[in-house]
Amino acid sequence: MDDPLIVVALLLVAATATAAVAVRDPARQALVLAVLGTVLAVLFTVLQAPDVALSQLAVGSALTPLLIMLSVRKVRRPRRKKETQR
């Protein structure tokens with residue numbers, strides 16, 4: 001009875017994981033990774049593992065993309081005025 005729901009959740013996980021790999025921009029990749037974490041949390045809920053789903057929701061959907069976005073922001077430095085005038 002739950003098999004079609006599990007198959008749909010697995011297909012969503014496969015699609016979002018493929019999108020996370022295919023995206024080249026790190027900022028957009030972090031957003032897709034947040035969506036992937038949410039879809040994984042839904043999959044764990046469907047598989048009746050609510051404790052794993054909650055931890056995936058916290059870490060995979062919020063914390064990891066936030067750390068990636070902060071890292072991208074730190075690495076991308078604003079251009080200096082002298083470089084933009086050339």
Filter the range 37-56 for residues that are open to solvent by less than 80 Å² (accessible area, probe 1.4 Å) and free of Cβ contacts under 8 Å to residues at least 24 places away in the same chain; the one that is farthest from residue 21 (Cα to Cα) is 49
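With respect to residue 34, determine if the residue is of a type outside the set (S, T, N, Q), touching a Pro at 6+ places or on another chain (Cβ under 6 Å) and in contact (Cβ under 8 Å) with a residue 40 or more places away in the chain. Break it down stepwise before answering.
Details: of a type outside the set (S, T, N, Q): yes; touching a Pro at 6+ places or on another chain (Cβ under 6 Å): yes; in contact (Cβ under 8 Å) with a residue 40 or more places away in the chain: no.
For residue 34, the condition - of a type outside the set (S, T, N, Q), touching a Pro at 6+ places or on another chain (Cβ under 6 Å) and in contact (Cβ under 8 Å) with a residue 40 or more places away in the chain - is not met.
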Restricting to the range 24-47, give me the number of residues that are within 15 Å of residue 64 (Cβ to Cβ) and not in a helix (DSSP H, G or I).
0
Where a residue in the range 1-25 is farther than 19 Å from residue 61 by Cβ and its partner, wherever it lies, is outside any helix (DSSP H, G or I), with Cβ under 8 Å and at least six apart:
6/47
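Could we say that residue 64 is surrounded by 15 or more Cβ atoms within 10 Å (Cβ to Cβ) and either touching a Lys or Arg at 6+ places or on another chain (Cβ under 9 Å) or polar (S, T, N, Q) (or both) here? Before you say what the answer is, go through the steps one by one.
Details: surrounded by 15 or more Cβ atoms within 10 Å (Cβ to Cβ): yes; either touching a Lys or Arg at 6+ places or on another chain (Cβ under 9 Å) or polar (S, T, N, Q) (or both): yes.
For residue 64, the condition - surrounded by 15 or more Cβ atoms within 10 Å (Cβ to Cβ) and either touching a Lys or Arg at 6+ places or on another chain (Cβ under 9 Å) or polar (S, T, N, Q) (or both) - is met.
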Quick one: is residue 18 of a type in the set (S, T, N, Q), part of a helix (DSSP H, G or I), under 21 Å from residue 75 (Cα atoms) and open to solvent by 40 Å² or more (accessible area, probe 1.4 Å)?
no
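The values are calculated or read from the model by the stated rules, or taken from the named source; none is laboratory data. Keep in mind the model is a prediction, meaning the values are calculated, not measured. Every residue, glycine as well, gets a Cβ built from its backbone with ideal geometry; the counts of neighbours run over all protein chains shown. In case anyone asks, the SASA skips ligands and DNA or RNA and just uses the protein heavy atoms, side chains included. Shrake-Rupley method; radii C 1.70, N 1.55, O 1.52, S 1.80 Å.
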